[in-house]
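First comes the structure, then the notes that go with it.
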Amino acid sequence: MFDRLREDIRTALETDPAATSTREALLYPGLHAVWAHVFLAHPLWNRDWRFTARLVSQVVRFLTGVEIHPGATLGRRVFIDHGMGVVIGETAEIGDDVNMYHGVTLGGKSSERIKRHPTVEDGVTLGANATLVGAITVGEGAKVGAVAVVVKDVPAGATVVGNPAKEVARDESVRVGQASQS
């Protein structure tokens, strides 16, 4: 647990130039939301304490402005910068080293009990107010621009912008399994 806390604080300090000290990083609501999810809500959900897990997630939402469904899966070093308005749906899967900004939505597109939220692979950056909808995959090292609306898969290393999101660039050096090494 303490390794995870240190890792997340280090990520905040490395990712956000405005974070100048550990004490300052400890004030980040995005960190609080991730920690409450990883250490409380998600384990409760996995133990079938569904109501308690939802209660925890709603209290965290009230306190931080970040709503993470307790069923969502988060990797390591997920950093939510200026987290207000972030919504992460139940079947969303987020890899390691993902950076997202305020207003990001990982939303569902079906009312059926199936995989209906996005999968965000390792090393992805999600710009402010980006909306990702449906059981799509955002490949390793991809970048989603601010206010982009993503309804189709995004290849590894691609940069997408607009509504609907369109690819504008691709980092060919990003290969599956290598995004966090570049």
Förster radius 22 Å - calculated FRET efficiency between residue 84 and residue 14, Cβ distance, rounded to 0.05: 0.50
Considering only lysines 8 or more places apart in sequence, or on different chains, count the pairs in segment 2-181 whose C-alpha atoms sit under 19 Å apart. 5
Output the relative contact order of segment 2-181, whole-number percent, from Cα pairs under 8 angstrom with separation of 6+ residues. 12
Sites residue 111 and residue 39 - FRET efficiency at Förster radius 41 Å, r taken between beta-carbons, to 0.05: 0.85
How much mean residue ellipticity at 222 nm does the chain get from its helices, if each DSSP H run of length 4 or more adds -39500 (n - 2.57) and you divide by all residues, to the nearest 500 deg cm²/dmol? -7000 deg cm²/dmol
Where in segment 1-83 are there trypsin sites (Lys or Arg not before Pro) that are in a DSSP coil and have at most 12 other Cβ atoms within 10 angstrom of their Cβ? 47
Using the 10 angstrom Cβ neighbour count as an exposure proxy, how do 167, 112, 7 rank, fewest first? 112, 7, 167
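Values in this text are rule-based calculations from the coordinates and carry no lab data. Bear in mind that the values here come from a model prediction, so they are computed numbers and not experimental data. When we count neighbours, we look across all protein chains shown, and the Cβ atoms used for this are built from the backbone with ideal geometry, even at glycine.
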